[in-house]
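Comments concern the structure below.
The numbers here are math on the coordinates, done by the rules we state, and not lab data. Since the structure is predicted, the reported quantities are computational estimates derived from the model, not experimental observations. Ideal geometry is used to build each Cβ from the backbone, glycine not excepted, and the neighbour counts take in all protein chains shown.
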Amino acid sequence: MSGRPKIFGHLLTEVIRKGKCVGCGTCAAVCPVDAIELESGTPKLVGMCIACGMCYGDCPKAVFDEDEMDNLLFGRSRTAEEAEIGVHMNVYAVQAKDKGTLEHCQDGGAVSAILTQFLSDGGDGAVVATLEEGGVWAPRPTVASNHEEILQSAGTKYTPSPTMLGVDSAVTEYQMEKIAVVGTPCQMRGLSKATTKPFVEGKMSEAVDLKVGLFCMETFNYDSLMEFLKQEGVDASKVDKFEIKSGKFIANEGGKAVYEAKLSKVKNLVRPCCHECGDFASECADLSVGNVGTPDGWSTVIVRTKRGEEALRSAEKAGLVEIKPVEEGKAGMDLVYRLAKAKKKQLKKEE
């Protein structure tokens with residue numbers, strides 16, 4: 001790499017002020033002098049910048065070379081058939097066997113089951129998104145160290161959480177040496193940049209053992225979503241589950257839908273940065289998981305690495321999950337490919 005590295009000033013002008021920042025917290029997590037903090041989801045310089053270039057170099061919304069990352073993570077470029085969903089080895093339909101897990105989880109409970117087994121296999125903790133204590137559906141990162149804490153964090157949050165701050169906490173505050181991280185595509189990109197050259201964060205790179213990415217089309221601005229629900233007469237504090245299914249945004253209470261709206265009605269709540277993302281299937285993870293492509297109550301799991309396959313099979317061997325092949329056709333991977341293609345097409349329009 002030639003020339004001087006780009007620093008926080010470049011991040012400010014090229015990413016933050018242009019509305020591209022996703023609020024993942026990568027810049028703050030990798031800053032070696034803790035000169036960056038997130039304020040209301042936006043990075044702020046709060047100390048002396050030493051011009052190391054880590055914040056810009058590891059930002060998922062700064063320069064990102066897809067082919068270079070594929071080769072760093074998987075040892076090869078993606079094939080033409082992998083253009084939409086990324087490099088992968090296998091695709092499965094997965095369901096947790098434990099009824100308690102299924103009751104707490106969004107769909108098939110695959111992520112919770114895999115994380116539970118990860119801890120049983122010697123993992124120190126799992127970085128996941130939970131909800132602010134005393135808040136109303138306000139996500140925050142946390143480090144789960146047992147099955148109960150994993151279940152407490154289960155379920156999709158449709159507003160952003162600075163996951164990378166949780167990763168930083170796991171390796172610096174808790175001194176964990178083997179962790180799993182669950183996150184959205186942009187968070188997986190930030191994590192992958194931070195754990196590979198050239199701007200690698202040493203402790204983080206050594207500690208991150210398993211990356212679990214989530215399918216993601218878009219996320220909503222928290223304040224806008226809360227205001228929208230209030231105007232629609234929905235008490236968000238009583239909602240126990242949000243979901244997007246069959247083209248609708250749904251709020252549930254006690255297992256029953258109390259509010260439904262076509263996605264077109266909530267489109268203006270989507271964060272601007274999401275329009276500039278072409279990754280639907282968390283292409284930088286070891287395992288990518290979502291509810292698209294499998295029947296209700298099951299999770300689609302895309303295995304990208306040997307480590308991902310190992311983690312999944314360990315959960316199966318322990319009797320925590322059932323694994324089946326994903327069916328082809330409109331009810332199977334066709335829909336995953338179509339959504340992934342649509343997101344990449346959306347990115348090209350923005351460019």
Legend entry - Order of Val182, Val136, Val303 - criterion: other Cβ atoms within 10 Å of each residue's Cβ, fewest first: Val136, Val303, Val182
Inset, instruction - In whole Hz, with x marking every Gly and Pro, tabulate ³J(HN,Hα) for the stretch 31-37 from phi via Karplus 6.51 cos²θ - 1.76 cosθ + 1.60, θ = phi - 60°. - result: 5, x, 10, 6, 8, 10, 9
Inset, instruction - Determine ³J(HN,Hα), in whole Hz, for all residues of the stretch 87-96 in sequence, where each value follows from phi through the Karplus function 6.51 cos²θ - 1.76 cosθ + 1.60 and θ = phi - 60°; x replaces Gly and Pro. - result: 4, 7, 9, 8, 9, 9, 9, 10, 9, 5
Legend entry - Spin-label model distance (nm) - Lys18 vs Arg313, 7 Å beyond Cα toward Cβ: 4.3
Inset, instruction - Starting from the Cα of Lys203, step 7 Å along the direction of its Cβ; do the same at Lys267; then give the gap between the two resulting points in nm. - result: 4.5
Inset, instruction - Please work out the Cα convex hull volume for the stretch 222-268 and give it in Å³ per residue. - result: 71
Legend entry - Taking only Cα atoms of the stretch 249-351, radius of gyration then Dmax in Å: 16.5, 46
Inset, instruction - For Leu131, enumerate residues with amide H under 5 Å from its amide H, sequence gap 5+ or separate chain, H modeled in the peptide plane. - result: Arg140
Legend entry - In order through the stretch 166-178: 3J(HN,Hα) via Karplus (6.51 cos²θ - 1.76 cosθ + 1.60), integer Hz, x for Gly, Pro: x, 5, 4, 4, 4, 8, 9, 7, 8, 6, 6, 10, 8
Legend entry - Length added when fully stretched, Glu132-Ala342, from 0.36 nm per residue minus Cα-Cα: 72.3 nm
Legend entry - Between the stretch 86-139 and the stretch 18-83, the alpha-carbon center distance in angstrom: 25
Legend entry - Footprinting exposure proxy for Asp65, Asp58, Asp168 (fewest neighbouring C-beta atoms within 10 Å first): Asp65, Asp168, Asp58
Legend entry - Ranked Phe74, Phe8, criterion: other C-beta atoms within 10 Å, fewest first: Phe74, Phe8
Inset, instruction - Would you calculate the separation in nanometres between label points at Ala80 and Asp235, each defined as 7 Å from the Cα along the Cα-to-beta-carbon direction? - result: 5.8
